[in-house]
Amino acid sequence: MSEGTQLREARLDEIRREAELTGRVDLTGVRPAGSPMPMASPQTGYYEQPLLKEPQWTPLIPLYFFVGGATGALGVIGSLADLLGAEEALALKARWMALAGAGISASLLIVDLGRPSRFLNMLRVFKPQSPMSVGSWVLSGFGASAALSSMADFVEAQMGDSGFASALRILGRTGSVIFGMPLHNYTGVLIGSTVIPVWNNRIRSLPREFGMSGLQSAACLLEVSGHSESSALNAIGLISAGFESWEGIDLLRNSDRALLPAKRGFSGLLVHLAGALSGPVPIALRIASLFAKDKKRLRRLAAISGIVGSLLLRYGWVHAGTLSARDWRLPLQIDAGKS
Amino acid sequence: MTANMGHTGIQPGEVTAFLTDSTLCIGCKACEVACKEWNGIEADGMDFTGFSYDNTTALGHSTWRHVKFVEGTPEPGIGGNDAELMSWAFSSDVCKHCEVAGCLEACPTGSLVRTEFGGVYLQPDICNGCAYCVVACPFGVVQKNEDDGRAFKCTFCTDRQKAGLEPACAKACPTESIKFGRLEDIREETSKRMEVLRERGMADAQVYDPTETSVKGIHSIFILRGEPATYNLPAKPEVPTLYMKDAWRSAAIEAAAMVASVAAAFLFWKNSAQDGGR
């Protein structure tokens, strides 16, 4: 009989003796090693309960991140191409898509609110310290500019050039560029400036990553809508995909524990898949399209890949945020040992 | 209102605070009940968690005071007297009413405001339920009520304070574990209490008031025994907007890069694709 077994036998005898003598057992129970008894301690936190609250956004919000990102970049493409006098048809379509995107964006945001009827409260105050407030104003400014811009296009098409039309045009195009710039990437600032560890850890890179992803999806959306032969769009697609690849490598090289939800599990899979679909895959397809016979088909494939990648990127990061909030160790600065 | 209602004598404009002293808490949950009754908060439901006597687990939209039951390995002196007994300590948690509050910074509607007593108050008639404050609180206090649509948190009983009354939880506390008063008085009381505890040999007692972090101090000071992590309190809570300037800088640089790329693309490939590929 081993020593451990003897101890346990002695313990059983002890319990029996106490029961015989007193009619009951008052001895304190021994906690078996590794038993699931919940504990509060500097090592286990408060019963391993998460300190932070999970994001309470509906799945419409990552969809908005995608639509808003593309919309802002579409506004910039449509206005800049026009100001530079390049590819008229493409620029016109980009501006109409930007206007539609602004409408869809606003709708998605309003429907997600707990009290949609109070959406105008967003414009009660302007708070530079709140990215949510800045974003609301930026989207409003962009929507107004896109509307002016498209109104100018409409007036010009109906009545030809006039002072009124060109005033609308200048105002709309300038506004679309000025507001389109923050609109296409502020959502990265928005989720970065939170207590969610996986987001806050990437506070500097998320605005870049979301921004370039927005630019790519804008170019890709134009390509699938019938402009798959524009060399300029191919160039934009290549630049943004190159940047997304670099961001992806940067994420992989960073071994911070807070980033695990963006690397492992389902959310990690989404982020990785998004990185591949908006990085190396479209680069390969776009370069191949320069030499292949069936250029259009390859360009379309690259565009679809970019759009899907951009969409998955937002869902992946938002889902990673939810998982990150559940990690009770990080905000309590408890060393994970093995994560 | 009669004199025995006990007017605090605190006028609007004076900054107030809680001191929650876990060494005096008996875990009766009177504060939770008083808070719910006074503020008319809905029930949390009947859950059994298995975490000591705590079936509420955390602060949330329907829990503004939350008594923690800290059960740990046997340790003589901590919460128990016997080396064989599990240690058992209690501490009533509440919104920290931060000096620099993440939720207040994040709120886009101006629903969250700083009150005349220095607390952070969520105006339910303004909140539109965008839920951004939920991910801005380093203490996980604010939560959106999915049924109602709005976010809720401790009001610091601003309504009672305006009427010269102490918050409901402090009033209901039978052991004065929850004290309420002017911030400077509370800080003084805290250090006095710490002296007493040290004299009695309670070496592990410590004050939780993170003034050294970007939160810059709280209006709900705690006296705890042992590490704050045991009580689910972060040792270094930070306001999430701490690095926001860097984020906007990144955004500005990337936006400039986008404009440059788009401009370059349309300038260089202007002529090679004039028909735009219709």
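The values are calculated or read from the model by the stated rules, or taken from the named source; none is laboratory data. Predicted, not measured: the structure shown is a model, and the values here were computed from it. Backbone-built Cβ (ideal geometry, glycine too); neighbour counts: all protein chains shown.
Select from region A:81-110 the residues that are within 10 Å of chain B (Cβ to nearest Cβ) and charged (D, E, K, R) and write down the one among them that is surrounded by the fewest Cβ atoms within 10 Å (Cβ to Cβ).
That would be A:Glu88.
Within region B:21-57, count every residue that is within 14 Å of another protein chain (Cβ to nearest Cβ), of a type in the set (A, V, I, L, M, F, W, C) and surrounded by fewer than 19 Cβ atoms within 10 Å (Cβ to Cβ).
1
Hey, A:Leu113 hits all of (1) closer than 30 Å to B:Gln143 by Cα; (2) crowded, with 19+ Cβ neighbours inside 10 Å; (3) in contact (Cβ under 8 Å) with a residue 40 or more places away in the chain but one; which does it fall short on?
(3)
Is it fair to say A:Gly321 is assigned to a helix (DSSP H, G or I), within 30 Å of B:Leu233 (Cα to Cα) and either touching a helix residue (DSSP H, G or I) at 6+ places or on another chain (Cβ under 8 Å) or not hydrophobic (A, V, I, L, M, F, W, C) (or both)? Talk me through it step by step, then tell me what you get.
Details: assigned to a helix (DSSP H, G or I): yes; within 30 Å of B:Leu233 (Cα to Cα): yes; either touching a helix residue (DSSP H, G or I) at 6+ places or on another chain (Cβ under 8 Å) or not hydrophobic (A, V, I, L, M, F, W, C) (or both): yes.
Taking the combined requirement at face value, the residue satisfies it.
Of all residues in region A:116-136, which are crowded, with 20+ Cβ neighbours inside 10 Å and charged (D, E, K, R)?
A:Arg118
Out of region A:146-178, which residues are of a type in the set (S, T, N, Q) and either under 25 Å from the mean Cα position of the chain (by Cα) or under 30 Å from B:Cys103 (Cβ atoms) (or both)? Explain how you work it out, then say what you get.
Filtering region A:146-178 for residues of a type in the set (S, T, N, Q) gives A:149-150, A:158, A:162, A:166, A:174, A:176.
Matches in region A:146-178: A:Ser176 only.
Could you pull out the residue among A:Arg300, A:Arg257, A:Arg329 that is in contact with a Lys or Arg (Cβ under 9 Å, 6 or more places away or on another chain), within 13 Å of chain B (Cβ to nearest Cβ) and not hydrophobic (A, V, I, L, M, F, W, C)? Lay out the reasoning, then the answer.
On the way: A:Arg300 fails: in contact with a Lys or Arg (Cβ under 9 Å, 6 or more places away or on another chain); A:Arg257 fails: within 13 Å of chain B (Cβ to nearest Cβ).
After applying the criteria, what remains is A:Arg329.
Pairs needed: first member in region A:304-329, over 30 Å from A:Ser225 (Cβ atoms); second member anywhere, assigned to a helix (DSSP H, G or I) and of a type in the set (Val, Ile, Thr); C-beta distance under 7 Å; at least 6 residues apart or different chains.
Pairs found: A:Ala320/A:Val198; A:Ala320/A:Val271; A:Gly321/A:Ile191; A:Gly321/A:Val198; A:Ser324/A:Val198.
I'd like to check something: does region A:178-192 contain any residue that is within 20 Å of B:Asn128 (Cβ to Cβ), more than 9 Å from every other protein chain (Cβ to nearest Cβ) and not charged (D, E, K, R)?
Restricting attention to region A:178-192, the residues satisfying the condition of being within 20 Å of B:Asn128 (Cβ to Cβ) are A:186-187, A:190-191.
Remaining after also requiring more than 9 Å from every other protein chain (Cβ to nearest Cβ): A:187.
Those still in the list that are not charged (D, E, K, R) too: A:187.
Scanning region A:178-192 turns up at least one residue that is within 20 Å of B:Asn128 (Cβ to Cβ), more than 9 Å from every other protein chain (Cβ to nearest Cβ) and not charged (D, E, K, R).
A:Ser255 is checked against (1) within 25 Å of A:Ser228 (Cβ to Cβ); (2) assigned to a loop (DSSP other than H, G, I, E, B); (3) among the hydroxyl-bearing types (Ser, Thr, Tyr) and fails just one. What number does that condition carry?
(1)
Touching a residue at least 24 places away in the same chain (Cβ under 8 Å), closer than 18 Å to A:Met212 by Cβ, more than 15 Å from the chain's Cα centre (by Cα) and surrounded by 14 or more Cβ atoms within 10 Å (Cβ to Cβ), is that true of A:Pro282? Break it down stepwise before answering.
Details: touching a residue at least 24 places away in the same chain (Cβ under 8 Å): yes; closer than 18 Å to A:Met212 by Cβ: yes; more than 15 Å from the chain's Cα centre (by Cα): yes; surrounded by 14 or more Cβ atoms within 10 Å (Cβ to Cβ): yes.
Yes; evaluated as a whole, the condition is true for this residue.
Condition check ((1) more than 14 Å from chain A (Cβ to nearest Cβ); (2) without any contact (Cβ under 8 Å) to a residue 60 or more places away in the chain) across all residues:
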{"site": "B:Glu189", "(1), (2)": "yes, no"}
{"site": "B:Glu199", "(1), (2)": "yes, yes"}
{"site": "B:Glu227", "(1), (2)": "no, yes"}
{"site": "B:Pro237", "(1), (2)": "no, no"}
{"site": "B:Thr241", "(1), (2)": "no, no"}
{"site": "B:Ala247", "(1), (2)": "no, yes"}
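Take region B:58-89 and flag every residue that is surrounded by 19 or more Cβ atoms within 10 Å (Cβ to Cβ), at pLDDT below 95 and charged (D, E, K, R).
Of everything in region B:58-89, just one residue is surrounded by 19 or more Cβ atoms within 10 Å (Cβ to Cβ), at pLDDT below 95 and charged (D, E, K, R), namely B:Glu71.
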